[in-house]
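J.: If you scroll down you'll find the structure; I have some questions about it.
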Amino acid sequence: MNTFFEQLGLILRRYSLGQRVVITIVMISMISAIVALVLWANRPEFRVLYSDLDPSTANKIVTDLQGMKIKYRVENNGRTILVPGTNVVELRLKFAESGYVGSPVAGYEIFDNSKIGMTSFMQQLNMRRALEGELTKTINRFPGVKNSRVHLVLPDGKLFEERKKGSASVVLYLQPNAYLSGEQVRGIVAIVSNSADGIEPEGVVVVDSKGNLLSKRRSEDSALGSVGNRWDLRHSVENKLRRKVTDLVEGVVGYQNAVVEVSVDLDFQKIERTMESYDPENVVVISEERHTETSKSKDSTSNIDEGYSKENVITNYELNKTVEHYVSNTGTINRLSVAVLVDGTYETTRDEEGNEVKNYIPRSNKELNQITALVKSAVGYNEDRGDMVEVQNVKFDDSTLESEQEYFIEAEKRALWAGILDKGLIVIGVLVAFFLVRTLLKSSEPILQITAGNARSIPSQGGKPSLPEVEEEEEDISEDIYIRKLSPEARAKLKAKDKMTREVVKYSKESPDNAAKLIRSWITNTESG
């Protein structure tokens, strides 16, 4: 290391003070740029670990991150924490297990640490807390529900007292842009009322985090529920028919090449009718009653028998009666209308300049008639009912889709070129530094080949530094210096001699026996001479 710095000092002595300053600034700038590029290219990509945190929870998480020596960033006034993307999943699992996020709800686990000697009041209180916790866990698993709170008021059972009804309140914290349908809210009400003894559905109130009432009482449902149910039923029927027709048509014309709209007119009238009809031709005798009266007498004077006989008949008849009670169905389809728009086909060609051009080709009437027949079969078309099915071929406006595709393509290209630029700048910086150092070392080869102890600086004429004076010891001087000082003829002879030496050495390695015989013959001839 000391030799390196000594040689570097010898290199710098060749230049003036201004040149040394420039070289030093350039080297420091290059090294700093390379280090900055490496750090910039290898910087971690931060992703959101948790957002919308309260200050106490954020403080605990930041303290643990500092203890684990993990880089982090805090934004949104300390409510959002970002960490490197490679650690997001692991940290989320760790903090969820630690209970920092989501405030763990205790259910029936409360009784795992029950103490001996608890009063009945404490047992009832723990039972209510456990039930509230279990209901909270269940409701939190609903889609769209971020968190929830359940408050129960359970009735106390007392002797000789009429049983009171309990009540419950549920507060829902929904995900952003999420909402619950009326059916889902009624499901939550049913879960709470059926999980707690003494609580009726009318006693359950569900509100959201903004205080909006989501549940409705039965009196309100009776007044407005019928209208809501009608719209829900109509919307459900239209959606089912729309999905059915869309899947059918897109299987023919291609994905997203068809738009389907369905309108259904439902009959919600409920008719009850009772009819009684009689058949006079069919008479049935139910009962018959006969009364017969007979009287006889004899006149003693004339000696004549007198008397009379009377009969009274009462007959009850029943006509054949038919009683018919009719109740009509509700929600039947009065009229059905289906509108289908299908896109045409496109043919890709090239213009005179060689660019790709898409030409729109409308669909034929035969194809449209086939699609119409399929749609009628799928929705149960009834001409007597006045149903309508319209299938039209219209060119879709795909300019927005193309612009979005171009945007994503350009974004991918920018990301790709950004990565290439990062790596390219690092490679260019390393190459520039390598060639600069190589140039400096190459320009100072004569000095590097001289030891520091045998070199000293001799000023030349004009005040500029010259090459160091070399002592006249052949053993300390490099052979390259002598070769450069030789004339062209001397260099040619030296190269010829080197070539002859190399050929002799090569011959000796390839044929050592012949070389040994040749040397012995030279020695024998020298001795005999």
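The values are calculated or read from the model by the stated rules, or taken from the named source; none is laboratory data. All values reported here derive from a predicted model rather than from experimental measurement. Neighbour counts are summed over all protein chains in view; Cβ atoms, including those assigned to glycine, are modelled from backbone coordinates with ideal geometry. We work out accessible area using only protein heavy atoms, side chains counted, and drop any ligands, DNA or RNA first. Shrake-Rupley method; radii C 1.70, N 1.55, O 1.52, S 1.80 Å.
J.: Give the residues of region 346-381 that are of a type in the set (A, V, I, L, M), under 38 Å from the mean Cα position of the chain (by Cα) and at pLDDT 80 or above, sorted by residue number.
T.: Selection gives ILE361, ILE371, LEU374, VAL375, ALA378, VAL379.
J.: Does ARG230 satisfy the criteria of being assigned to a helix (DSSP H, G or I), open to solvent by 100 Å² or more (accessible area, probe 1.4 Å), modelled with pLDDT of 85 or more and touching a strand residue (DSSP E or B) at 6+ places or on another chain (Cβ under 9 Å)?
T.: It is false that ARG230 is assigned to a helix (DSSP H, G or I), open to solvent by 100 Å² or more (accessible area, probe 1.4 Å), modelled with pLDDT of 85 or more and touching a strand residue (DSSP E or B) at 6+ places or on another chain (Cβ under 9 Å).
J.: Are any of the residues in region 164-185 open to solvent by 30 Å² or more (accessible area, probe 1.4 Å), in contact (Cβ under 8 Å) with a residue 40 or more places away in the chain, out of contact with any His (no Cβ under 7 Å at 6 or more places or on another chain) and polar (S, T, N, Q)?
T.: Checked against the condition, which is being open to solvent by 30 Å² or more (accessible area, probe 1.4 Å), in contact (Cβ under 8 Å) with a residue 40 or more places away in the chain, out of contact with any His (no Cβ under 7 Å at 6 or more places or on another chain) and polar (S, T, N, Q), region 164-185 yields at least one hit.
J.: Can I ask one more? Quick one: is ARG290 more than 30 Å from ARG234 (Cβ to Cβ), at pLDDT 80 or above and surrounded by fewer than 10 Cβ atoms within 10 Å (Cβ to Cβ)?
T.: Considered against the rule, which asks whether it is more than 30 Å from ARG234 (Cβ to Cβ), at pLDDT 80 or above and surrounded by fewer than 10 Cβ atoms within 10 Å (Cβ to Cβ), ARG290 comes out as yes.
J.: Restricting to region 78-99, what's the tally of residues that are surrounded by 12 or more Cβ atoms within 10 Å (Cβ to Cβ) and closer than 21 Å to LYS146 by Cβ?
T.: 12
J.: Of everything in region 35-50, what is modelled with pLDDT of 75 or more and part of a loop (DSSP other than H, G, I, E, B)? Give them in sequence order.
T.: Within region 35-50, GLU45 is the sole residue that qualifies.
J.: Would you check which residues across region 36-77 are among the acidic types (Asp, Glu), under 24 Å from the mean Cα position of the chain (by Cα) and closer than 26 Å to LYS146 by Cβ and list them?
T.: Answer for region 36-77, where residues must be among the acidic types (Asp, Glu), under 24 Å from the mean Cα position of the chain (by Cα) and closer than 26 Å to LYS146 by Cβ: ASP52, GLU75.
J.: Of all residues in region 191-208, how many are in a helix (DSSP H, G or I) and open to solvent by less than 40 Å² (accessible area, probe 1.4 Å)?
T.: Selection size over region 191-208: 2.
J.: Only one of (1) modelled with pLDDT of 60 or more; (2) surrounded by 12 or more Cβ atoms within 10 Å (Cβ to Cβ) is not met by GLU402, so which one is it?
T.: It fails just one condition, (2).
J.: In region 314-344, how many are open to solvent by less than 60 Å² (accessible area, probe 1.4 Å), β-branched (Val, Ile, Thr) and more than 30 Å from ARG234 (Cβ to Cβ)?
T.: So the count comes out to 1.
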